[in-house]
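One structure is given here, and the rest of the page talks about it.
What follows draws every value from the coordinates through simple rules; no lab data is involved. Since this is a predicted model, take the numbers as computed values, not measurements. When we count neighbours, we look across all protein chains shown, and the Cβ atoms used for this are built from the backbone with ideal geometry, even at glycine.
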Amino acid sequence: MTEPLNLLVIRHEPCSSLGMLKTAVNKAALPFHYLDISQGAVLSEPITHYSHIVILGGAISAYEDDRYPFLKTEFKLLETAIAHQIPLLGICLGSQILARVLGADVDRGESGREAGWCDIQLTDAGQQDLLLQGFPTRFKVFESHQDTFALPSQCVHLATSGMYPNQAFRYGNSVWAMQFHLEIDEHVLTDCGAVIEQELEDSQIYDTTLAQLLTEASLHSPLVAPLADRFMQQFLAVNTSREHVTFFVEK
C-alpha cells in the first residue's frame with residue numbers, strides 16, 4: 001500500500017512561505033506543515049513521517065551554528081532525511097545548509113550580495129535534470145544572498161549565474177538545492193519586506209530598493225510562476241520509497 005504524501009516546510013523566517021510553489025501543493029491536495037525551527041519549534045513525529053521536505057531561506061548563515069544552535073538540530077534532521085532518501089529541496093539558505101550537511105564549504109562570497117531579479121543559466125546537466133526539463137536555458141529569477149557554497153562531492157552541477165557559478169545542484173535522486181528563489185513573487189516580497197530591506201542595508205546596497213524589487217516582481221514573477229509550478233509538481237512526484245524514482249508533469 002502506498003504511503004500518503006506529507007510535506008514538511010522548514011523555515012528560518014516567520015514571514016517566508018512556499019509562495020508560488022504552493023500552487024502545485026494545492027493541486028495535489030497535499031497536507032503540509034511549516035516548522036518554524038528558528039522560533040524553537042520541534043517536530044512531534046519522526047522526520048520519516050514526511051514524504052517530502054522543503055528548506056526555505058533566511059538571513060542567517062549556514063556556518064553560524066555556534067551562534068544559532070537550532071542549526072545543529074536541523075543538520076541532524078536533514079542527515080536522517082538523506083539517509084532515508086526522503087526527497088529534499090533546499091532554497092537559498094536551505095541550499096547552503098544542504099551543501100554543508102553533504103560536507104561542502106559554505107562561506108561569504110567575494111562578489112558581494114546578489115540581489116534582485118537575476119539571470120540564471122542552466123548547465124548541460126541542468127537542462128537534462130528531471131526537475132528542470134522544459135525550463136528555458138536562461139531565465140530570470142529572484143535572488144538575495146551573499147553567502148555561497150562549494151559543490152559537495154558526488155553532486156551534479158545544475159545552474160550558474162554571472163556572480164556566483166554554484167547556483168544549483170542535485171545529490172543522487174532525492175536532493176535538490178537552489179541558491180535562487182522560484183517561490184518569490186510580489187506577495188512573498190511584501191511579507192518579507194523588512195528582512196529584504198535589512199539585507200540590502202547590511203550589504204550597503206543603496207541603489208536597489210524594496211519598491212523597485214516589487215515593481216520588477218510584477219513583471220518577472222508571472223514568467224517564473226509556471227516554472228515554479230512545473231518544478232514543484234516534478235519534485236512532489238519523486239518517490240524514492242519505490243524501486244524506481246517516478247516523475248510526472250500535469251498537462
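A few comments on the model shown:
- Relative packing of peptides 154-162, 9-17 - highest average C-beta neighbours within 10 Å first: 9-17, 154-162
- Relative to the Cα centre, the charge distribution of the range 7-237, modelled as +1 at Lys and Arg Cβ and -1 at Asp and Glu Cβ, gives a dipole magnitude of about 800 debye.
- Cysteines in the chain lacking a second Cys C-beta under 4.7 Å: C92, C118, C155
- Screening the chain for whole DSSP H helices with an alpha carbon extent of at least 24 angstrom along the helix axis and a mean Kyte-Doolittle hydropathy of at least -1.0 yields 210-237.
- Residue among Q146, Q39, Q233 with the largest mean-square fluctuation in a Gaussian network model of the chain, springs linking Cα atoms under 10 Å: Q39
- Listed pairs K22/K76; K72/K140; K76/K140 exceeding 30 Å between Cα atoms: K72/K140; K76/K140
- Computed over the range 1-83, the convex hull of the alpha-carbon atoms projects to a mean area of 6.3 nm².
- Peptides 30-36, 198-204 ordered by packing proxy, namely the average of other Cβ atoms within 10 Å per residue, highest first: 30-36, 198-204.
- Karplus-based coupling profile of the range 64-69, in residue order and whole Hz: 9, 5, 6, 7, 10, x, with θ = phi - 60° in 6.51 cos²θ - 1.76 cosθ + 1.60 and x standing for Gly or Pro.
- For S44, S218, S38, order by how many other beta-carbon atoms lie within 10 Å, fewest first: S44, S218, S38
- Adding -39500 (n - 2.57) for every DSSP H run of four residues or longer, then dividing by how many residues the chain holds, sets the calculated 222 nm ellipticity at -9500 deg cm²/dmol.
- Shape of the chain, Cα gyration tensor, a/c cut at 1.5: rounded
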